[in-house]
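The values are calculated or read from the model by the stated rules, or taken from the named source; none is laboratory data. All values derive from a computational prediction rather than experimental measurement. When we count neighbours, we look across all protein chains shown, and the Cβ atoms used for this are built from the backbone with ideal geometry, even at glycine.
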Amino acid sequence: MAHASMMNIPADCVDYFVATGTLFALSWLHRQIRILFEYGFRHHATLSLAANGFVQATVPTTATWTVGQHYFVRFMSMGPHMLTTHPFSACSLPEKRSPGAKCESSLVFYIRPRAGFTARLARYAESHAGVKVPVLLDGPYGGVDMRKLESSDRLVVFAGGSGAGWVLPFVTAFIRRREMTRSGNPAPSMRIVFVTQTLQRGAGLNSRSQTSSAIMPHLAIEVYYTGCREDKSPSVEEGQFLQKLEDSEKAPNPVTSTAANSDSGPRTDELKGICGDCKSLDIRPDLRCMVNEEAAALHGSATLGVFVWGPLSMQNDVANAVAKEQVTTLGREPKDIYLHMEHFSWA
C-alpha cells in the first residue's frame, strides 16, 4: 500500500487494477487454451510470393469456414512477431463434402505487404519460396449471411484495393450454386466490380474469371484501373469514393520485389490478359449509378444482394445509394435489396 500512496493512488483503486488485470489474464488464457484444443500445433502454412506481389499462405486444414470470414493467424517462426496475431481474410472455400464428413481443404490467405510484420513476411517468402512455417489459427470470425448469398437472384460485389482475395470465395460459391441449379429454375447472376490503382492487384481474379463457358454469361467481372489517371477534382455528385480514391488509406508502404514492380503508364492490354474474359476500364467507377442500374433492373419478387469490401468512402457511396433506392420505393412495391459491408483493413 505504500507504493499506492507514493503514486497518489487511493488504496481501494489498487484492488480494481488487480481485478481488471486478473480478468484480462483469465480471458487471454482461456482464448489460448481454446485455440490449442481446437487447432493445436498441427497447422503449417506454405509461403510463396504471388505474381501480384502479395504473399500467398496456404494452410491444409480440416476446419470449415464460409464466405467473407477471417482468421487471426500467428506465425510461429517469425521471431518476436510470433507473439502477435494478425487478421487475414480467407481467400478460398473448403472442399465440398457430405454432412458430417471430414476432408482436408486448403485455407488460402493473400497478404498485402505493408510495413512491419507483413513486409518482413514478404521478404522471407521471396527468399524462401515454398517454405513451410508453423502457424496457430484462431477463427473463423465474421462472414456474410449465407442465406442471403444463396437466395439472392442477383449478386453485386464491390471491392477495392486488395479486395480481390476477399472476392474469390464469392466466385467459388457462385460457381457451386450455378452447378447445383436445376434446369428450368431461375439462374442466379453475379457482377463483380473491382477497383485498383495498380495492375498487379487485379491479378488475383485470373484463376476464377476463366471459368466454364456455361457460367461465364452469368458472371460479369469489371476491373477499373485508376492508377494512370490524372488527378482531377470530381464534382460532389460523383460521391465520396471518387473524391477519395487516392486517399492515404489506400496507399500502403511499398515492399520492393521483382514481382511487384510495374510501370506507371496505362497497360490495358496486359490487364485484359490477366483477367481473362473480364472487362477492363481505365475510368473511375460511378458506384451510385451502378447501384441505381441494378435496382432498376429488379422486377417482381427478384432479390438483389450487394456486398462491399473497401475503404469507408466506397462503403458510404454504396450504402447511400442503396438507402436512396429504398426511400424512392416508399408507397410503391418495395424492392428486396440486401446490403453487407466489410472494412478493407481485413486483408
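Quick notes on this one:
- Boolean, E150 is in the same structural domain as W166 (by the TED database), free of Cβ contacts under 8 Å to residues at least 40 places away in the same chain and among the acidic types (D, E): yes
To keep it simple, each residue is scored yes or no on (1) at pLDDT below 90; (2) closer than 30 Å to E294 by Cβ.
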residue	(1), (2)
V67	no, yes
P80	yes, no
E95	yes, no
V108	no, yes
R112	yes, yes
V133	no, no
L155	no, yes
P169	no, yes
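- P94 in a loop (DSSP other than H, G, I, E, B), touching a strand residue (DSSP E or B) at 6+ places or on another chain (Cβ under 6 Å) and in contact (Cβ under 8 Å) with a residue 24 or more places away in the chain: yes
- The stretch 134-152: number of residues that are surrounded by fewer than 21 Cβ atoms within 10 Å (Cβ to Cβ) and in a helix (DSSP H, G or I): 5
- Those residues of the stretch 325-339 which are without any contact (Cβ under 8 Å) to a residue 24 or more places away in the chain and in a helix (DSSP H, G or I), in sequence order: Q326, V327, T328
- Residues in the stretch 153-176 that are small (G, A, S) and buried (at least 23 other Cβ atoms within 10 Å of the Cβ): A159, G160, G161, S162, G163, A164, G165.
- Which numbered condition E179 misses (of (1) surrounded by fewer than 24 Cβ atoms within 10 Å (Cβ to Cβ); (2) assigned by the TED database to the domain that holds P311; (3) within 15 Å of the chain's Cα centre (by Cα)): (3)
- Among the residues of the stretch 299-319, those identified as small (G, A, S) and in contact (Cβ under 8 Å) with a residue 40 or more places away in the chain are A302, G305, G310, S313.
Yes/no matrix, rows are residues, columns are (1) under 30 Å from V135 (Cβ atoms); (2) touching a Ser or Thr at 6+ places or on another chain (Cβ under 7 Å); (3) of a type in the set (K, R); (4) at pLDDT below 80:
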position	(1), (2), (3), (4)
S5	no, no, no, yes
N8	no, no, no, yes
C13	no, no, no, yes
T20	no, no, no, no
L26	yes, no, no, no
I35	yes, no, no, yes
Y39	yes, no, no, yes
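- The set of residues from the stretch 72-87 being within 18 Å of R114 (Cβ to Cβ) and touching a Phe, Trp or Tyr at 6+ places or on another chain (Cβ under 9 Å) comprises F72, V73, F75, M78, H81, T84, T85, H86, P87.
- Among the residues of the stretch 109-140, those identified as hydroxyl-bearing (S, T, Y) and within 24 Å of F194 (Cα to Cα) are Y110, T118.
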